[in-house]
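Colleague: Handing you a structure now.
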Amino acid sequence: MNNNFLNTNEIIEIENRHTSGVYAKQSIAIVRGQGASLFDAEDVEYLDCSSGHGVANLGHAHPKIAEAVSKQASTLITLFETFPNDQRALLMQKFANLIPGLDRVFFCNSGTESVEAALKFARISTGRKNIVATMRAFHGRTYGSLSATFNKKYREGFEPLVPGFSHVPYNNIEALEQAVTEETAAVILEVIQGEGGVYIVSTEYIQAARQICDARGALLIVDEIQTGFGRTGTMFAIEHFDVTPDLLACAKSLAGGVPMGAVLIGPNVRNLTTGVHGSTFGGNPLSCAAALAALQVIEEEDLPRQALVKGAYLMDKLHQIESPLIREVRGMGLMIGIELKQKSAPYIKALQERRIIALNAGMTVIRLLPPLVISYQQIDHLVDVLTEVLTAELEIA
Ligand SMILES: *Cc1c(COP(=O)(O)O)cnc(C)c1O
């Protein structure tokens, strides 16, 4: 403990006094992490089943990330992308082979920025204005990505949004067929809708989306910000479906928790010439070094496989919970939604009181996004607590 030690109450009090107000603040204050565990200021342990919305796929405080960041911080932190750099070059080379065909990359600093870049690239590439997105989609909160986001809870009060966006029902081929025209620049899709409620794209739909885009000369953008980097059992979720997008937006777990976003770019994306887009922090050596270390850890620890095997184990146990509250359990790898017949918020609160941090998705879904390094013992504990919360005669809801 250092001289700046604050206890939980002090931390919460200061934040409540000075917060912008845009976050629903929790009543616990986290100061440290280790693997799938988080610790508060009094060293009480929580099991993290949120990974910061899918950022901490590698677990918290991974020693390889800490080492890479520390080493690069004392070498070179910042460098505008006009100047080539060793860490960035190595990362580009690594990225170029992740999805065959997508061999160019644009670096930025967050999820919403990667969506913004993909949208701009689609318009400049095609010379067209219209973007087709899907209902329930979440793509971020800045103006372009917000215009692609569907839920009015995020949009209301911020109009006018960017013109040219429309929303069609997810997994409905006919509606997509009608919406995409010769004026469509791009279709943008999540491979699994995360915030929207953990809905998985159907193979027929994503393959049809590819064909429809090709037929009309539109680009296909996939948003893998939440599904990327091993989460669903493959490096990117799109690999399950035998489809290659033109633009792939990613962020969250890309640099092992260090802020970074990227767009992978395919051969049909044109007109990306000098000055078309840019970012001051994009591709900085510190984030690139962290991302290089993260990709190495994902490989060495075979995190996609861990997600697959542990996901199957957890899913099996969840299916065995007999509770009249559960409507459906669905997911891929370690991205899992438990849909209830009523609002999920009170159950997420009950989990937190039992030191498990889970997420909502839509109104009725409990979303589980644990670090992929979660142990089987921790998974068993999660299932025990979930069973208690979803079956006991609790004063919930
Ligand atoms: C989190 C997320 C975003 C936005 O990312 P930020 O880094 O918060 O801007 C966009 N799309 C999806 C699918 C996400 O999960």
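Colleague: Right, Q193: among the polar types (S, T, N, Q) and open to solvent by 10 Å² or more (accessible area, probe 1.4 Å) or not?
Modeller: no
Colleague: Need at least 2 residues that are open to solvent by less than 20 Å² (accessible area, probe 1.4 Å) and free of Cβ contacts under 8 Å to residues at least 60 places away in the same chain per element, so show me which helices (runs of 4 or more DSSP H) inside the stretch 283-367 make the cut, counting only ones lying wholly within it.
Modeller: In the stretch 283-367, the matching helices (runs of 4 or more DSSP H) lie at 345-353.
Colleague: Related question: Tell me, which residue of the stretch 92-144 that is β-branched (V, I, T) and within 20 Å of the chain's Cα centre (by Cα) is farthest from Y170 (Cα to Cα)?
Modeller: Across the stretch 92-144, the extreme among qualifying residues is V105.
Colleague: Out of the stretch 368-377, which residues are open to solvent by 10 Å² or more (accessible area, probe 1.4 Å) and either acidic (D, E) or under 22 Å from the mean Cα position of the chain (by Cα) (or both)?
Modeller: V373, S375
Colleague: I'd like the full set of residues that are more than 13 Å from the ligand (Cβ to nearest atom) and touching a Phe, Trp or Tyr at 6+ places or on another chain (Cβ under 8 Å), limited to the stretch 192-204.
Modeller: Within the stretch 192-204, just T203 meets the criteria.
Colleague: Now for a different question. Which number in (1) at pLDDT 95 or above; (2) open to solvent by less than 50 Å² (accessible area, probe 1.4 Å) marks the one condition that K120 misses?
Modeller: Here K120 meets the rest and fails (2).
Here's the yes/no breakdown for (1) open to solvent by 30 Å² or more (accessible area, probe 1.4 Å); (2) aromatic (F, W, Y); (3) at negative phi; (4) touching a Phe, Trp or Tyr at 6+ places or on another chain (Cβ under 9 Å):
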{"position": "A29", "(1), (2), (3), (4)": "no, no, yes, no"}
{"position": "Q34", "(1), (2), (3), (4)": "yes, no, yes, no"}
{"position": "S51", "(1), (2), (3), (4)": "no, no, no, no"}
{"position": "A61", "(1), (2), (3), (4)": "yes, no, no, no"}
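Colleague: Collect the residues in the stretch 207-241 that are more than 15 Å from the ligand (Cβ to nearest atom), in contact (Cβ under 8 Å) with a residue 12 or more places away in the chain and of a type in the set (A, V, I, L, M), keeping them in residue-number order.
Modeller: Hits for the stretch 207-241 are A208, A209, I212, A218, L219, L220, M235.
Colleague: Are there any helices (runs of 4 or more DSSP H) wholly within the stretch 16-129 with 2 or more residues that are out of contact with any Lys or Arg (no Cβ under 8 Å at 6 or more places or on another chain) and within 28 Å of G275 (Cα to Cα), and if so which?
Modeller: Per the criteria, 86-95, 111-126.
Colleague: May I ask you to list the residues in the stretch 242-264 that are surrounded by fewer than 24 Cβ atoms within 10 Å (Cβ to Cβ) and away from the ligand (no atom under 15 Å from the Cβ)?
Modeller: Within the stretch 242-264, D242, V243, T244 meet the criteria.
Colleague: While we're on this one: Is it the case that some residue within the stretch 126-142 is of a type outside the set (D, E, K, R), away from the ligand (no atom under 11 Å from the Cβ), under 24 Å from P259 (Cα atoms) and open to solvent by less than 60 Å² (accessible area, probe 1.4 Å)?
Modeller: Scanning the stretch 126-142 turns up no residue that is of a type outside the set (D, E, K, R), away from the ligand (no atom under 11 Å from the Cβ), under 24 Å from P259 (Cα atoms) and open to solvent by less than 60 Å² (accessible area, probe 1.4 Å).
Colleague: Restricting to the stretch 224-236, give me the number of residues that are open to solvent by 10 Å² or more (accessible area, probe 1.4 Å) and either outside the structural domain of G266 (by TED's automatic domain parsing) or under 20 Å from E116 (Cα atoms) (or both).
Modeller: 2
The values are calculated or read from the model by the stated rules, or taken from the named source; none is laboratory data. What you see is a predicted model, and the numbers here were worked out from it, not measured in a lab. So basically every Cβ, Gly included, is an ideal-geometry build from the backbone, and we count neighbours across all protein chains shown. Just the protein is used for accessible areas: all its heavy atoms, side chains included, with ligands, DNA and RNA removed. Shrake-Rupley method; radii C 1.70, N 1.55, O 1.52, S 1.80 Å.
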